Structures are given as structure tokens and as C-alpha cells.
Amino acid sequence: MLESIVFYTLATLIIAFGVLVVTTRNTVHCVLFLVANFLCVAMVYVLLAAEFLAIIQILVYAGGIVVLYLFVVMLVNLQRPADAVPGRRRQSRAGFVLAAVMLAEISAILVFSAAKPASAVASAAPAPAGLGNTQVVGMLLYSDYLVPFEVASVLLLVAMVGAIILARKEA
């Protein structure tokens, strides 16, 4: 009963913080609500006995990703007029090339996952004896889920490069 109350309270907070992230006009407050949202999601992971995922949620998302967002918010001058941005044509070509690369990656993932036999899908079987939650997650992450893991790293790299490009003072 107590777990249900805690879960529904956390779910309500997650939805409320998500709405505040989208509706808040001040970008710094928006990022702070996003941190609160990530922390509530980490608490749900703890409630589900997935402590490793909770720590990763806090370290990677509430730590790293939010710092990246704040980097973009603080360094990009959002008050400049639209005409002050040089090289629009060059940026649109680069955008099309990056979109084509991402489409190729997603297509490769779909082909790879369609070619995988149905028996290779991870099941909810209990962990082997002597292995903890973190070890099982590590084994699955670097074997069955290697491609999605690498795609996530590429997406983070693209976000970081985009933040650097946006933060540059000169064109």
C-alpha cells in the first residue's frame, strides 16, 4: 500500500514537472524543473529496486545532460535578431547531410533488429546465481543492446557538437 502511494505521488510529480518544463518561459527555470523531473524518475527506479539505473539517471541525465543544456542556454545569445546569423545556406546543407546520416543509422538498426531471431530477445528470466543487478545490466548492455547503446552515444555526441557550434562567437 505504501509503495503504491509513493509511486503515484512520484508519477504525479513527474507529470507536473514535465508540464512545467514545457510551459515555463524562463529557460533556466525550465532546466531546474527538468532536474527535478530526472530526480523523481530516479526515485521511481529506486522504488523498482533498480539502484544502478537510479544512479545512472542522476549522474548522466541530472548531471551531464542538464549541464549541456545549461551550457547552451547560458552561452547562446537568444536575443540576437534572425538576420544576424550568417551562413544559413551552409547550415541547411549540413543539416540535410546529418539528417541523411541519422536516417541511415535508424534504417540500419531496424534491419539489424529485424534480422535477429525472436529467441535472442531478452526475457524477464532471473539473473544467474552470483551476479548482481549491475553485472547483469552490464552484460546485457554490451551484448544484446550494444547497437542501441552506441546510437545513444552518437546522439549525445551530436548534441555536444551542436552545442559547441551554437556557442561559437564567430561563423
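The values are calculated or read from the model by the stated rules, or taken from the named source; none is laboratory data. Owing to the predicted nature of the structure, the values given are computational and were not obtained by experimental measurement. Heads up, the Cβs are rebuilt from the backbone with ideal geometry, glycines too, and the neighbour counts pull from every protein chain shown.
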Taking region 5-52 as the region of interest, how many residues are within 19 Å of the chain's Cα centre (by Cα) and hydroxyl-bearing (Ser, Thr, Tyr)?
2
Which pairs do you get when a residue that is assigned by TED's automatic domain parsing to the domain that holds VAL66 and part of a helix (DSSP H, G or I), found in region 35-53, comes within reach of a residue that is of a type in the set (S, T, N, Q) and surrounded by 15 or more Cβ atoms within 10 Å (Cβ to Cβ), reach meaning Cβ atoms under 8 angstrom, with the pair 6+ apart or on two chains?
PHE38/GLN57; VAL41/GLN57; ALA42/GLN57; TYR45/GLN57
Just to be sure I understand the filter: pairs with C-beta atoms under 8 Å, separated by 6 or more residues or on different chains, first member in region 3-17 and acidic (Asp, Glu), second member part of a helix (DSSP H, G or I). Which pairs pass?
GLU3/LEU47
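Per-residue answers, yes or no, for (1) under 27 Å from ALA49 (Cβ atoms); (2) modelled with pLDDT of 70 or more; (3) more than 24 Å from the chain's Cα centre (by Cα); (4) not in a loop (DSSP other than H, G, I, E, B):
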| residue | (1), (2), (3), (4) |
| --- | --- |
| ASP83 | no, no, yes, yes |
| ALA99 | no, yes, no, yes |
| ALA108 | no, yes, no, yes |
| VAL111 | no, yes, no, yes |
| ALA127 | yes, no, yes, no |
| ASP144 | yes, yes, no, no |
| PRO148 | yes, yes, no, yes |
| ILE165 | no, yes, no, yes |
| ALA171 | no, no, yes, no |
Quick check, is ALA49 closer than 26 Å to VAL137 by Cβ, modelled with pLDDT under 90 and aliphatic (A, V, I, L, M)?
yes
Determine whether ILE58 is assigned to a helix (DSSP H, G or I), among the hydrophobic types (A, V, I, L, M, F, W, C) and closer than 28 Å to MET139 by Cα.
yes
